[in-house]
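> Below you will find the structure I want to go over with you.
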Amino acid sequence: AQRDDRWRVDAALSKPSLKIGTDLSMTVRSQREGFVYMFYEGTQPGSFYLLFPNQLDSSNAIGANQTLQLPRPAWTVTALGPHGVDHIMVMVTATARDFSAVALPEAYVSAAGPFTTILPTTQAAARIGQLAAVSAAATKAECRSTGGERDADAAKKCSNAYGATLVSVEEVD
């Protein structure tokens, strides 16, 4: 709801449904350059992850009107069931974001693989919304400056703008 509705982000699934045991494949295209984040809520109870960037692939920059194929060859997302509908939110931000505040501590993560596990609560979802709207550079002096005018370079580094889209895929037997 906080996204810039003038910033078009498109995510297209290669298939509208996934047979359990097969891999997800999608493309992401952004009207503007930025950084791609992919959140996933699956049918398995408690399955809420930041899929991208991840421990195997942290290169999440995208150029304006560039198409990005996800997952990349270094990692996969396999439909594990049960059958039902998975939701994937793709966000492209003007500046990098830090979602580590919503990640579960390592001691609580079991089979997440390279992905960041997030506690599936309304509080975590609200926190993601808050973090999405704050540039990772927000604590830097140039972003905290309240007096005078910022130059264009500083304004770009401190931008809180982002576009986002939501797609759903059905897991089937």
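> Among Gly34, Gly63, Gly46, which is touching a residue at least 24 places away in the same chain (Cβ under 8 Å), open to solvent by less than 60 Å² (accessible area, probe 1.4 Å), closer than 28 Å to Pro82 by Cβ and small (Gly, Ala, Ser)? Reasoning before the result, please.
Values: Gly34 fails: closer than 28 Å to Pro82 by Cβ; Gly63 fails: closer than 28 Å to Pro82 by Cβ.
Just one listed residue meets the conditions, Gly46.
> Spot the failing condition for Leu18; the list is (1) open to solvent by 80 Å² or more (accessible area, probe 1.4 Å); (2) farther than 19 Å from Ala161 by Cβ, and only one is missed.
Among (1) open to solvent by 80 Å² or more (accessible area, probe 1.4 Å); (2) farther than 19 Å from Ala161 by Cβ, the lone unmet condition for Leu18 is (1).
> Counting only residues that are assigned to a helix (DSSP H, G or I) and hydroxyl-bearing (Ser, Thr, Tyr), how many does region 121-140 have? Step through it out loud before you land on a result.
In the first step, residues of region 121-140 are kept if they are assigned to a helix (DSSP H, G or I); the result is 122-132.
With the extra rule that they be hydroxyl-bearing (Ser, Thr, Tyr), the set shrinks to 122.
Adding up the residues that qualify gives 1.
> Sticking with this structure for a sec: Please go through (1) modelled with pLDDT of 95 or more; (2) out of contact with any strand residue (DSSP E or B) (no Cβ under 9 Å at 6 or more places or on another chain) for Leu56 and return the number of the only condition it doesn't satisfy.
Condition not satisfied by Leu56: (1).
> Ok, one more. All but one of (1) open to solvent by less than 10 Å² (accessible area, probe 1.4 Å); (2) among the aromatic types (Phe, Trp, Tyr); (3) in contact with a His (Cβ under 8 Å, 6 or more places away or on another chain) hold for Phe52, so report the exception by its number.
Evaluating Phe52 over (1) open to solvent by less than 10 Å² (accessible area, probe 1.4 Å); (2) among the aromatic types (Phe, Trp, Tyr); (3) in contact with a His (Cβ under 8 Å, 6 or more places away or on another chain) leaves (3) as the failure.
The values are calculated or read from the model by the stated rules, or taken from the named source; none is laboratory data. Worth saying up front: this structure is predicted, and the values here are computed from it rather than measured. Here the Cβ is made from the backbone with ideal geometry for all residues, glycine too, and neighbour counts use every protein chain on show. The area values use the complete protein model at the heavy-atom level, side chains included, leaving out ligands, DNA and RNA. Shrake-Rupley method; radii C 1.70, N 1.55, O 1.52, S 1.80 Å.
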